[in-house]
Amino acid sequence: MGKAFVLGLTGGIGSGKTEALRAFRRLGARTLCLDEIAHRVLARGGAAYAPVRRAFGPEVIGRDGEIDRRALGRAVFASRRLRRRLEGLTHPAILREMRRRVRAHRRGLLVVDAPLLFEAGLEAEFDLTAVVTAGRARRLGRLRRRDGLPVSELRRRMTAQMPLARKARLADVAIGNDGTLGELRRKVRDTHKALELIYGG
Ligand code: ATP
């Protein structure tokens, strides 16, 4: 299994991070998803629940007492200042939990799905970074099928993100996902093999 090696995986919305993560898992890698950690941190009893509730008020709390993530998304969407504020309340807790899990990982490959890897400046947390890329039209088509959202809304979300081309320049490895799922899995297998050579898998 070799020594511990941590790969940070990112991409844009709909570029195929989740599929790539699944492919790494099938090859025996351990995986960690920062979105999942974010959910837990915001859930009642999580480290960010009370501070977010205090900062954003009852309009972001659902009937069940949990934070309504959609309402929270709407509350911060139009304001950079509020987005920063929310990040200030959630990111430290997410990072703490991520570091705890990374420390607990002793041997072999751990792949961390980190959608905001570069935006949040997390490069130094990982031994290597990889980005899953795909053309805009392809991502739009896949997201329409997956989420059923109007193209205008998907475009708006894409435009709000750091451009994928920029992430591709910043990452150590780029995994192109403009082909079939089979092709993506083959590329992940090649990357996995190359990494094994590095960490002695
Ligand atoms: P998000 O950040 O929005 O969650 P993501 O980067 O995790 O997106 P995925 O969920 O992996 O993206 O992919 C988006 C959709 O496109 C999914 O329904 C997925 O099954 C599909 N998909 C991904 N790659 C391919 C491919 N090569 N061929 C066909 N469908 C694909």
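Kindly evaluate Ile94 against the criterion of being out of contact with any strand residue (DSSP E or B) (no Cβ under 7 Å at 6 or more places or on another chain) and within 13 Å of the ligand (Cβ to nearest atom). No.
Could you list, in sequence order, the residues of the range 116-135 that are at pLDDT 95 or above and either open to solvent by 60 Å² or more (accessible area, probe 1.4 Å) or within 13 Å of the ligand (Cβ to nearest atom) (or both)? If the condition is that a residue be at pLDDT 95 or above and either open to solvent by 60 Å² or more (accessible area, probe 1.4 Å) or within 13 Å of the ligand (Cβ to nearest atom) (or both), then Leu117, Glu123, Ala124, Asp127, Ala130, Val131, Val132, Thr133, Ala134, Gly135 are the ones that fit. Assessment of the range 44-64 against the conditions (away from the ligand (no atom under 16 Å from the Cβ), of a type in the set (Asp, Glu) and not in a helix (DSSP H, G or I)) yields at least one matching residue.
Under the condition of being open to solvent by 40 Å² or more (accessible area, probe 1.4 Å) and in contact (Cβ under 8 Å) with a residue 40 or more places away in the chain, which residue from the range 145-162 is nearest to the ligand (Cβ to nearest atom)? Here the residue is Arg146. Candidates are the residues of the range 164-181 that are within 15 Å of the ligand (Cβ to nearest atom) and in a loop (DSSP other than H, G, I, E, B); the one that is surrounded by the most Cβ atoms within 10 Å (Cβ to Cβ) is Asn177. Just one of the listed residues (Thr31, Thr10) is under 25 Å from Lys167 (Cα atoms), touching a Pro at 6+ places or on another chain (Cβ under 9 Å) and assigned to a strand (DSSP E or B), namely Thr10.
Kindly provide the set of residues from the range 78-107 that are among the hydrophobic types (A, V, I, L, M, F, W, C) and either outside any helix (DSSP H, G or I) or surrounded by fewer than 13 Cβ atoms within 10 Å (Cβ to Cβ) (or both), ordered by number. Hits for the range 78-107 are Ala78, Ala104. Scan the range 58-72 and give yes if some residue there is out of contact with any Cys (no Cβ under 9 Å at 6 or more places or on another chain) and closer than 30 Å to Asp178 by Cβ, otherwise no. No, that holds for no residue. Just one residue in the set Thr18, Thr10, Thr31 is within 16 Å of the ligand (Cβ to nearest atom), surrounded by fewer than 20 Cβ atoms within 10 Å (Cβ to Cβ) and closer than 18 Å to Ala171 by Cα; that residue is Thr18.
Counting just the residues of the range 182-201 that are farther than 22 Å from Val6 by Cβ and open to solvent by 70 Å² or more (accessible area, probe 1.4 Å), which one comes out farthest from the ligand (Cβ to nearest atom)? That would be Arg186. Here Met1 fulfils each of the conditions (1) modelled with pLDDT under 95; (2) part of a helix (DSSP H, G or I); (3) touching a strand residue (DSSP E or B) at 6+ places or on another chain (Cβ under 6 Å) apart from (2).
The values are calculated or read from the model by the stated rules, or taken from the named source; none is laboratory data. As the structure is a computational prediction, the values presented were derived from the model and not from experiment. Neighbour counts run over all protein chains shown; Cβ positions are idealised from the backbone, glycine included. Note: areas computed on protein heavy atoms with side chains; ligands, DNA, RNA excluded. Shrake-Rupley method; radii C 1.70, N 1.55, O 1.52, S 1.80 Å.
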